[in-house]
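To start, the structure itself, in structure tokens.
The values are calculated or read from the model by the stated rules, or taken from the named source; none is laboratory data. These numbers were taken from a predicted model, which means no experiment stands behind them. As a convention, Cβ positions derive from the backbone with ideal geometry for all residues, glycine included, and neighbour counts pool all protein chains shown. These accessible areas exclude ligands, DNA and RNA; they are computed on the full protein's heavy atoms, side chains included. Shrake-Rupley method; radii C 1.70, N 1.55, O 1.52, S 1.80 Å.
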Amino acid sequence: MTSSSKTLGDLFDTFEQEAFRLESLDDYSNSGNVDAYRTFLSGQPQPQDYNSRWVAELRSHTSQGKRIHRVHIVTRPLTDYLRFELGWGYQKNMTGGEEFFILDVTEQPNPLAGVPDFWLFDAESAAVMRYDDHGAFLGADVLPPGRAAEFVGHRDEALARAVPFTDWWAKHGE
């Protein structure tokens with residue numbers, strides 16, 4: 001399989017040390033977990049099995065010493081969707097070993113303005129995530145290996161400016 005024919009799923013199946021995600025949108029509400037989002041909006045409690053398949057996948061990686069972490073660029077006040085994602089999703093996914101960081105650009109310029117959402121695997125493979133204007137996932141474009149260095153730079157910039165999610169949530173969580 002050539003790298004250009006790899007899918008995002010292939011990259012998840014084969015990474016050896018690190019998977020990093022940059023999230024820049026404030027609404028992914030049409031990309032999955034739509035029913036859970038509606039449940040959240042209605043004030044119902046989080047279902048016991050919420051995100052259980054993803055948490056199991058996370059554990060399969062983190063139990064092998066692999067790191068999965070992400071930075072989300074946010075502005076306050078949080079959208080309803082971000083309150084859901086951070087309050088339900090991040091809290092649940094942390095039980096599988098995923099690490100989260102927040103880059104709050106409410107009172108500072110966004111140092112990564114214009115950088116698309118992406119996954120970066122082992123600092124060698126990058127996949128750009130595509131969404132429509134309504135938060136619906138359109139697909140992932142796995143980039144040629146030569147492009148990975150650009151996304152390593154974006155990862156490093158994001159991590160240098162972000163704070164641990166739990167610290168940020170304790171101060172700004174809703």
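List of remarks:
- With Cα atoms, 0 to 90° folded angle of helix 52-62 axis to the chain main axis: 50 degrees
- Given in Å, the Rg to one decimal and the Dmax to the nearest whole number for the Cα atoms of the stretch 1-70 are 15.2, 47.
- Each of the peptides 115-127, 53-65 was scored by the mean count of other Cβ atoms within 10 Å over its residues; in descending order, highest first, they stand as 115-127, 53-65.
- Annotation: amide H-H contacts under 5 Å for GLU23 (H modelled 1.01 Å from N, sequence separation of 5 or more, or interchain): VAL71, HIS72, ILE73.
- Distance from the stretch 91-114 to the stretch 44-64 (C-alpha centre basis), Å: 19 Å
- Of all DSSP beta bridges confined to the stretch 10-156, the antiparallel ones make up roughly 50%.
- Cα-only Debye scattering, the stretch 25-174: base-10 log of I(q)/I(0) at q = 0.10, 0.11, 0.12 Å⁻¹: -0.36, -0.45, -0.54
- Split the accessible area of the chain by element, probe 1.4 Å, and carbon with sulfur accounts for 47%.
- In this rough spin-label picture, where each label sits 7 Å from Cα along the Cβ direction, the TRP54-ALA149 distance is 3.3 nm.
- Between the Cα long axis of helix 148-161 and the first principal axis of the chain there is an angle of about 30°, rounded to the nearest 10.
- For the chain, the relative contact order comes to 30 percent (Cα pairs under 8 Å, sequence separation of at least 6).
- Rolling a 1.4 Å probe over the protein heavy atoms gives the chain an accessible area of 51 Å² per residue.
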